[in-house]
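Notes follow once the structure below has been shown.
Derivation of every value follows stated rules applied to the coordinates shown; laboratory data play no part. Note that this is a predicted model, so its numbers are computed, not measured. With ideal geometry, Cβ positions are generated from the backbone for all residues, glycine too; neighbour counts draw on all protein chains shown.
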Amino acid sequence: MSELVYIKNMVCNRCITAVEAEFSRLGIMPLQVRLGEVELLQALTPDQHTELENRLTTLGFELLDDARTRLIEKIKTLVIEIIQQPEPFDTHFNYSYILSQRLNKDYSTLSRLFSEVEGKTIEKYIILQKIEKVKELLAYDELTLSEIAVRLGYSSTAHLSAQFKKVTGLTTQHFRKMGAKWRKPLDKV
């Protein structure tokens, strides 16, 4: 029977590679490594757990043992996966429906738990993640503001611009001139 190990702060493919490397250094070959979780063929021994926890902590990750914390990380991971996808959003995309379906929980339960633990709503977290993606795309300077708005599911460039200014205090044009120095790591959002 396989076991899932939950890891906080895995936000990208490089994180997956780093976690795989740490498991490998311990002589443990995972069945699968995904953002936020590692599937193992068998449970970790207490010594392996302690060693893995120490190694991951030095890399900025954290093993999660609490069910509530694991669920919060699953929500965050899913939001990041959705926002980081390369395809444009469907105009009828609904985060609450997707989160509820993928996590097999009522959205109101997820929302209440997230707000209690994180001190902000899922909606606010989604907005902050989207703004970080907008910053990334503006810094690359490959897409127009209109293309960025479509890609991230904004109803218009005006909506994107207003939300960007509200969150960052900067206009999108000003940010584009300033570059990437204003970006935050995704696990710090």
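What's the magnitude of the charge dipole for the stretch 1-153 around its Cα centre, counting Lys and Arg as +1 and Asp and Glu as -1 at the beta-carbon? Answer in Debye, nearest 20.
Numbers: 18 positive and 24 negative charges, 70 e Å.
Dipole size: approximately 340 debye.
May I ask you to compute the full-extension gain from D65 to H159, defined as 0.36 nm times their residue separation minus their alpha-carbon distance, rounded to one decimal in nm?
On the way: separation 94, 0.36 × 94 = 33.84 nm, distance 3.94 nm.
Full-extension gain reported as 29.9 nm.
From largest to smallest, what semi-axes in whole angstrom does the stretch 69-188 give when each is the square root of 5 times an eigenvalue of its alpha carbon gyration tensor? Working shown, then result.
Numbers: eigenvalues 136, 49, 29 Å².
Output for the stretch 69-188: semi-axes of 26, 16, 12 Å.
Of the complete DSSP H runs in the chain, none spans 24 angstrom or more by Cα along the long axis with a mean Kyte-Doolittle score not below 1.0. Picking from Y154, F175, L71, whose Cα lies most toward the positive end of the charge dipole for the stretch 69-188 (charges on Cβ: Lys, Arg +1; Asp, Glu -1)? Among Y154, F175, L71, the one farthest towards the positive end of the dipole of the stretch 69-188 is F175.
Along the axis of the charge dipole computed for the chain (Cβ charges of +1 for Lys and Arg, -1 for Asp and Glu, origin at the Cα centre), the listed residues L26, P46, I98 are led at the positive end by I98. Each Cα pair under 8 Å and six or more residues apart adds its separation to the average, and for the chain the resulting relative contact order is 19 percent.
In summary, the aspartates and glutamates within cross-link reach of K165, defined as a Cα separation below 16 angstrom excluding same-chain residues under 8 places away, comprise E132, E136.
Using a Cα-Cα cut-off of under 14 Å, which aspartates and glutamates could be cross-linked to K133, ignoring same-chain neighbours fewer than 8 residues away? Hits, sequence-local ones excluded: E81, E87, D141, E142, E147, D187.
Once you charge only the Cβ atoms, +1 for Lys and Arg and -1 for Asp and Glu, what is the size of the charge dipole of the stretch 69-188 about its Cα centre, to the nearest 20 debye? Each step should come with its number before you reach the end.
Values: 20 positive and 14 negative charges, 93 e Å.
So the magnitude is around 440 debye.
What's the long-distance tail for the stretch 63-112, i.e. % of Cα pairs beyond 13 Å? Walk me through the numbers before you get to the answer.
On the way: 743 of 1225 pairs.
That fraction is 61 percent.
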